[in-house]
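What follows is calculated from the coordinates using simple rules that are stated; it is not laboratory data. It should be emphasised that the depicted structure is a prediction, and the values quoted were computed from it without experimental measurement. FYI the Cβ positions are ideal-geometry reconstructions off the backbone, even for glycines, and counts take in every protein chain you see.
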Amino acid sequence: MKQAKIFIFATAVAVATLCARQAWACPHCNIHNYLAGSVRSSTNVFHGSVVRQIDDRTAEVEVLKVLRGKHKVGSKVKTEMYGSREFIGKKFIFSDPTSSPPTFEVLPLEFEDEVLFLMHENPSVKSAKEAIKRVQGVSVMTQGIGMEYLTNHYDEAVGSLVAELDTLMPAVFSTNEVFFGEHRLGKLLEALLSRESDQAKEFAVSYIGKMATQDGNKVDWSSIPYNASSRGVFLRDLLRHSRKHDNLTNALHRQVKPQLPKLSELALADAVYGVVVTQTDTVSGLQKNLEATASSDLIALGLYFAGNYEARWWQHDKACAFWDEALSLAKRKELKEAISTRIKDSEKFWKRKHTDANKAIDSDKE
């Protein structure tokens, strides 16, 4: 895996901080898959404050709180940490994993609750409340434990799942950064839509119906965003997880298309992104739906987001096709330059097979 090189032997501080902002990476080499092994293989797990850098990959750390192991509070220990000089005085969770890399020797303090959970010999949950907490975890082990309980106790949990979504959504959608917020919402949606229910359908249909009432932030064309906002990611996950149920999928597809012409600014670009990456509509169908009401630059921006997303998962044919469509629609110089640069960067490493987004997507079905 090419992206494994990013994580292997890299400082876990940088990785974990990046992942906390954007929970994505190569599915075979990211923190989600490897956090549990990293924590569970560690002899010492503790809170510490960085005292000084010993060398490029070693720091001296003062022990502040012991979660596992024999270190004494107040003692100073050597531990693996890359580029620690810039973190002197900062506090983290330190560990000494022996599992195969990637490993995460240094984590932000926000990980403490999940680290403690993973340190149990046989971690488990005993209530819907705890399962809802765990399904939002970073590690796939934590998520799986929560998801199994929620699937087996769905009727008991469905009301609480909706309540948790209603509580978390405003915080994630706001400008305030929420620890793994988009990821957490996605896992809650997955749990809610794991079964067909009136409450799940009501939630999904209601959200789509209110899309046009959501305030859309204006796009700063001088500093074009690279990815869809949290709202775009949420719509993508909502449409994706609804696919398990044909009736719900059809209902959402019918409802989302009339909403799109009512949207503007970033809300429209986000919706375009969510619709095309989930194949809720084709690029050509989307253009026909929006040609009379929408700025071509906003459609292009949504397609640019879609291309960037596909490229992240090594779907280069899809990515280039979306970028090509975006470039054909874009009118603003800044947007054209951003798309063109992205295409050139990709073509340095990947020879495309298709230039049409619909063909590129359909090729997955062959």
Name the aspartates and glutamates eligible as straight-distance cross-link partners of Lys210: C-alpha to C-alpha under 20 Å, and not fewer than 8 places from it in the same chain.
Glu164, Asp166, Glu182, Asp198, Glu202, Asp237, Glu265, Asp270, Asp281
So what are the ³J(HN,Hα) numbers for the range 150-159, from phi and the Karplus equation (6.51, -1.76, 1.60; θ = phi - 60°), rounded to whole Hz, Gly and Pro as x?
5, 5, 7, 10, 4, 4, 5, 9, 4, x
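Using r as the Cβ-Cβ distance of Lys91 and Thr175, and R0 as 25 Å, what FRET efficiency do you calculate, to the nearest 0.05? Working shown, then result.
Details: r = 25 Å, r/R0 = 1.01.
Plugging the Cβ-Cβ distance into 1/(1 + (r/R0)^6) gives 0.50.
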Radius of gyration and maximum dimension Dmax of the range 124-195, Cα, Å:
11.4, 35
So, with +1 on the Cβ of K and R and -1 on the Cβ of D and E, and no other charges, what is the size of the charge dipole of the chain about its Cα centre, to the nearest 20 debye?
600 debye
In debye, nearest 20: dipole of the range 197-365 around its Cα centre with unit charges on the Cβ of K, R (+) and D, E (-)?
220 debye
Residue (of Ser328, Thr103, Ser194) at the positive-pole extreme of the chain, dipole from beta-carbon charges:
Thr103
According to a simple spin-label model (label point 7 Å from Cα along Cα-to-Cβ), what is the distance in nm between Thr293 and Glu130?
4.8 nm
I need the GluC sites (Glu not before Pro) found in the range 42-149, filtered to DSSP loop residues with at most 13 other beta carbons within 10 Å of theirs.
Glu121
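For Trp323, Trp221, what ranking results if the residue with the fewest other Cβ atoms within 10 Å of its Cβ goes first?
Trp221, Trp323
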GNM flexibility winner over the chain from Lys187, Lys218, Lys201 (Cα, springs under 10 Å):
Lys218
List, in the order given, every pair from Lys187/Lys348; Lys288/Lys351; Lys70/Lys90; Lys78/Lys187; Lys201/Lys262 whose Cα-Cα distance in the structure shown is over 28 Å.
Lys187/Lys348; Lys288/Lys351; Lys78/Lys187
What are the semi-axes of the equivalent ellipsoid of the range 197-365, taken as the square roots of 5 times the eigenvalues of the Cα gyration tensor, listed largest first and rounded to whole Å?
26, 19, 13
Out of (i) 66, 49, 35; (ii) 68, 51, 40; (iii) 55, 53, 41, which label holds the value of Cα extents along the principal axes in Å that was computed here?
(ii)
Charge-dipole axis of the chain as Lys and Arg at +1 and Asp and Glu at -1 on Cβ define it, positive-most pick from Leu263, Ile54, Ala128
Ile54
